[in-house]
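Colleague: Okay, handing you the structure first.
The values are calculated or read from the model by the stated rules, or taken from the named source; none is laboratory data. For clarity, every value in this text was computed on a predicted model and none was experimentally measured. FYI the Cβ positions are ideal-geometry reconstructions off the backbone, even for glycines, and counts take in every protein chain you see. Quick note on the areas: whole protein, heavy atoms, side chains included, nothing else; ligands and nucleic acids left out. Shrake-Rupley method; radii C 1.70, N 1.55, O 1.52, S 1.80 Å.
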Amino acid sequence: MHTNGNDWSAHEYVDAVARSVHGETVRWPQGPSMDAVIVLPVHARNHPGKNAVLLWNHDFGWSWGVEEADVRRTISIVDPLGIGRTPDPLRCADRVIELISAEAVCSRMCSEH
């Protein structure tokens, strides 16, 4: 994978994005719709009880979504980030900050009301 002048593997790229967004965990699901899931250190404001996540598909790029906090870990895609297939990890972090600022998500410490 060639991303912004770097020759990175998919795992190295996703790990770099996870570090840039302070991701709590990275998972590599076995399925056609997503290649990686990064659990963010925030909740989705309009989805009580669900964790905010970043989802990566190597063909379509990054989206943000929500994940059930229970053992099923059901994931729903909310919106694409709209920043391309393999943007610079810092661009991903900037877009996540924009989402937080728009109050689409809030820190785990904020009120869900």
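Colleague: Condition test on GLU24, is it closer than 21 Å to GLU98 by Cα and either among the small types (Gly, Ala, Ser) or open to solvent by 50 Å² or more (accessible area, probe 1.4 Å) (or both)?
Modeller: Considered against the rule, which asks whether it is closer than 21 Å to GLU98 by Cα and either among the small types (Gly, Ala, Ser) or open to solvent by 50 Å² or more (accessible area, probe 1.4 Å) (or both), GLU24 comes out as yes.
Colleague: Then there is this: Against the conditions (1) under 17 Å from LEU40 (Cα atoms); (2) surrounded by fewer than 19 Cβ atoms within 10 Å (Cβ to Cβ), where does GLU67 fall short? Just the number, please.
Modeller: For GLU67, the exception is condition (2).
Colleague: Take the stretch 69-80 and flag every residue that is within 12 Å of ALA52 (Cβ to Cβ) and either among the charged types (D, E, K, R) or in contact with a helix residue (DSSP H, G or I) (Cβ under 9 Å, 6 or more places away or on another chain) (or both).
Modeller: Correct list: ASP79 only.
Colleague: Which pairs turn up if I take residues in the stretch 7-28 that are within 22 Å of ILE75 (Cα to Cα) and look for partners that are open to solvent by 80 Å² or more (accessible area, probe 1.4 Å) and in a helix (DSSP H, G or I) with beta carbon separation below 7 Å, at least 6 apart in sequence or on another chain?
Modeller: Once the first residue is within 22 Å of ILE75 (Cα to Cα) and sits in the stretch 7-28, its partners that are open to solvent by 80 Å² or more (accessible area, probe 1.4 Å) and in a helix (DSSP H, G or I) give SER20/LEU90.
Colleague: Let me ask you something else. Could you name every one of the strands (runs of 3 or more DSSP E) located completely within the stretch 49-105 that has at least 1 residues being in contact (Cβ under 8 Å) with a residue 24 or more places away in the chain, under 16 Å from TYR13 (Cβ atoms) and within 13 Å of the chain's Cα centre (by Cα)?
Modeller: Working: elements: 50-57, 61-68, 75-80.
The strands (runs of 3 or more DSSP E) meeting that bar are 50-57, 61-68.
Colleague: Still on this structure, I have one more. So ASP79 ticks every box in (1) in contact with a Ser or Thr (Cβ under 9 Å, 6 or more places away or on another chain); (2) surrounded by 13 or more Cβ atoms within 10 Å (Cβ to Cβ) but one. Which box is left unticked?
Modeller: With respect to (1) in contact with a Ser or Thr (Cβ under 9 Å, 6 or more places away or on another chain); (2) surrounded by 13 or more Cβ atoms within 10 Å (Cβ to Cβ), ASP79 is out only on (2).
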